[in-house]
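The values are calculated or read from the model by the stated rules, or taken from the named source; none is laboratory data. Computed from a predicted structure; not experimentally measured. All Cβ positions, glycine included, derive from the backbone under ideal geometry; neighbour counts span all protein chains shown. Calculation scope for accessible area: heavy atoms of the full protein, side chains included, ligands and nucleic acids excluded. Shrake-Rupley method; radii C 1.70, N 1.55, O 1.52, S 1.80 Å.
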Amino acid sequence: MEIVSIRENADQVKADAIVRLIFSDQLPTGTLADLDARLDGQISRLVEQGEISGKYREFTLIHTDRIASPRVLIMGLGKKKDFDIDRIRSMAGRSARILRRINATNIAYPSFTDLGVDAAFSAQCITEGVMLGLYHFKRHKTDHKPKKPMETISIIAASPQEEAPIQEGIRKGKVLAECTIIARDLTNEPANIMTPRYFADEAVKMSRELGIESYVIDEATMKEQGMGAILAVAQGSDEPPRIVIMKYMKNPGGPVIGLVGKGLTYDSGGLCIKNEEQMFRMYSDCAGACSVLGAMAAISRLGIKANVIGVMALAENMPSGKAFKPGDIIKSFSGKTIEILNTDAEGRLVLADALTLAIKSGANMLIDIATLTGGCVTALGYLASGILGNNQDLIDKLKAAGAKAAENMWQLPLFEDYFAQIHSDVADMENSGGRAASPSTAAKFLEQYVQDTPWAHIDIAGTAMIERERTPYLKKPYLPKEGATGVGVRTMYYLTEMMQS
C-alpha cells in the first residue's frame, strides 16, 4: 500500500472514494460546504432529512457523478467540543474498513488542517489509522481469501506549505504502525510456534536488519550468573528460557533508558494451574516483550537521539514433575530471596531478574511493561493500562506519551504499607500478596529490584488483547476486533522522543 501527499482540489481527485468529516452540531462548513455545493446540496439535504446526523462513528456513502471520485464517504465526528486528534485516527481506521468491504483500492483524505490540526500529525494519524485499522491476523487460515489489497491512500494538502509536513507525517505514521503490527503479530502467534527460542531468533534477526547490537542469554548462562527467578519459572517446561538484550546507543554520555518486557510465551499457571477459561489466551502473556521489541524497532528506524536498552525476558510456565512449587524459596539475580506462594504469580519473577539485568547493563531509568495482574483488569477494565512507579516525573512523562498515542493509563498507588502484604517470615519477600490491591502489591514486589533507579511499571493485562469485551474496538476502530493490540509500542516511542537530546 502506497501512502502519498497530493495537491489537488478534492472534487478533482481521481479515487474510488474521498472521505470527509462532519460534526453533529455543525452544518457543512469550510471545505465540506464547498464539496456540498459541487454536489448541488446533496449533503445538506441528507442532513435536513436526518440521514446524516454527524454522530460519532456514523457513516454515509454517497454515490455521485458530479466530481472525479464516484463516491464520497461522510464520517461523523460527534460534537465539536468532544473532538480530539485520536478521532482522526479512529475515523481513518473505520473508513478504510468500510471502503475495503466494497473493494475500494484508492482512497483520498483531506489534511483536516481546517480543524486546527497540525498537518504532519494529522497525516501521521491518518496513516496509523488506515494501516492499523486494516490489520488482520490470518496467516494460519488456509482458506482465507483476502479482499483486494488497498493500493493507494492519498492525503490532500490544502496548500503547498502543507506538502512537506504531510510527507513527514506519513513517514512517521508508517513506521509507528508497522512497528505496532510487529508487536501484534508476535503476540498473536500461538505458543506451539512462539517459544522463547523462536522469539529470541526473531529479535536477533530484526536487530541485524536495524543495525542494533543484540545478544541472547541462554539457560546455561542464566545458571552461571544466578538468575534463579526466571529459571524457577521455566524449569517446569521442556522449552528453555531466553533473555534478549538490544542496545541502541545514539546519545553519548546521555541517560540510558531501559525498556523491560515480560515475555511469557505461554502461562498455564504452573502447578497453581489456571482454569480452562483463563488459560485459553495465555500465549498472549508475552505482549510486554513484544511491545518492547516493536518500540526498539520504531526508535531505531526513526533515528531517535537517545540511549535505549531493551530487555525481553522469555519463558514458559508449565506444570510438570520439574516445576517450581508453592513453598519453594528461590534466589533472584539480585541476590534477594523469594518465597513462592503462587506459581501463577510468575511474571514478576521473570521481571525481577530482567530489571536487575537492565541496571547491570547500564540503564539508569527503567520502564517495564507486562500483562501482570488480573486485578488491573478488575480495577480499570479494558480501556486503560495501570501505571505505578517510584518517580512521579517519569510517570507523568509516560502518561503524556500515552495520551499522544491514545493509549490511556491510570496511576495506581504504591504505598509503602503494601509491602506488608508480601512480607515473608522465611525469605526476603513473598511472590504474591493475594487478590487485594494485587496491581499495587505486584508493583511493590518489582520495586525491590530497581533500587533508587527512576522506574515506572505499566500493567497492560486489560489492554494487550481484545476478545469478548468489544468496547476498546468500538471506541477506537483502528484496534482489532479480536487479538493483540500492540499497546505500548507508540507510548514507549513517544517517551523516548520526549527525552532525546
For this session: Could you run through the range 239-275 and say how many residues are surrounded by fewer than 20 Cβ atoms within 10 Å (Cβ to Cβ), under 16 Å from F324 (Cα atoms), in contact with a Ser or Thr (Cβ under 8 Å, 6 or more places away or on another chain) and not hydrophobic (A, V, I, L, M, F, W, C)?
Result: 3
For this session: Inspect the range 3-12 for any residue being part of a loop (DSSP other than H, G, I, E, B) and either open to solvent by less than 60 Å² (accessible area, probe 1.4 Å) or among the aliphatic types (A, V, I, L, M) (or both) and give the result as yes or no.
Result: no
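Conditions (1) touching a helix residue (DSSP H, G or I) at 6+ places or on another chain (Cβ under 8 Å); (2) assigned to a helix (DSSP H, G or I); (3) open to solvent by 30 Å² or more (accessible area, probe 1.4 Å), marked per residue:
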site: A354; (1), (2), (3): yes, yes, no
site: L372; (1), (2), (3): yes, no, no
site: C376; (1), (2), (3): yes, yes, no
site: A379; (1), (2), (3): yes, yes, yes
site: Y382; (1), (2), (3): yes, no, yes
site: D393; (1), (2), (3): no, yes, yes
site: K404; (1), (2), (3): yes, yes, yes
site: E407; (1), (2), (3): yes, no, no
site: F419; (1), (2), (3): yes, yes, yes
Exercise. Would you pick out the residues in the range 94-120 that are aliphatic (A, V, I, L, M) and in a strand (DSSP E or B)?
Worked result: I107, A108
Exercise. If only one of I52, I43 is in contact with a Leu (Cβ under 6 Å, 6 or more places away or on another chain) and over 24 Å from A120 (Cβ atoms), which one is it?
Worked result: I52
Problem set entry | Residues of the range 27-71 satisfying the condition of being of a type in the set (A, V, I, L, M, F, W, C), open to solvent by 30 Å² or more (accessible area, probe 1.4 Å) and within 39 Å of the chain's Cα centre (by Cα) | L27, A33, V47, F59, L61, A68
Exercise. Would the range 18-26 turn up any residue that is at pLDDT below 95, crowded, with 17+ Cβ neighbours inside 10 Å, over 35 Å from the mean Cα position of the chain (by Cα) and under 19 Å from R71 (Cα atoms)?
Worked result: no
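Working only within the range 13-43, note down all residues that are charged (D, E, K, R), part of a helix (DSSP H, G or I) and either out of contact with any Pro (no Cβ under 7 Å at 6 or more places or on another chain) or in contact (Cβ under 8 Å) with a residue 60 or more places away in the chain (or both).
D34, R38
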Exercise. Taking interchain pairs and intrachain pairs at least six residues apart, which have beta carbon atoms under 7 angstrom, with the first residue in the range 161-178 and in contact (Cβ under 8 Å) with a residue 24 or more places away in the chain and the second open to solvent by less than 30 Å² (accessible area, probe 1.4 Å) and among the charged types (D, E, K, R)?
Worked result: G173/E128; L176/E128; L176/R490; A177/E128
For this session: Would you check if A123 is closer than 24 Å to A484 by Cα, part of a helix (DSSP H, G or I), of a type in the set (A, V, I, L, M, F, W, C) and in contact with a Ser or Thr (Cβ under 7 Å, 6 or more places away or on another chain)?
Result: no
For this session: Name the single residue, out of those in the range 426-485 being among the polar types (S, T, N, Q) and free of Cβ contacts under 8 Å to residues at least 60 places away in the same chain, that is nearest to I126 (Cα to Cα).
Result: S440
Seminar exercise, completed: By residue number, the members of the range 308-323 that are out of contact with any Lys or Arg (no Cβ under 6 Å at 6 or more places or on another chain) and buried (at least 24 other Cβ atoms within 10 Å of the Cβ) are V308, G310, V311, M312, A313, A315, E316, N317
Seminar exercise, completed: Going through the range 481-501 in order, the residues found to be over 29 Å from L366 (Cα atoms) and either of a type outside the set (K, R) or surrounded by 20 or more Cβ atoms within 10 Å (Cβ to Cβ) (or both) are E482
Exercise. With respect to K444, is the statement that it is of a type in the set (K, R) and open to solvent by 30 Å² or more (accessible area, probe 1.4 Å) true?
Worked result: no
For this session: For residues that are surrounded by fewer than 22 Cβ atoms within 10 Å (Cβ to Cβ) and closer than 25 Å to A358 by Cβ, tally how many sit in the range 162-181.
Result: 1
Seminar exercise, completed: Subset of the range 357-370, residues crowded, with 24+ Cβ neighbours inside 10 Å, more than 20 Å from T485 (Cβ to Cβ) and not small (G, A, S), comes to L357, L366
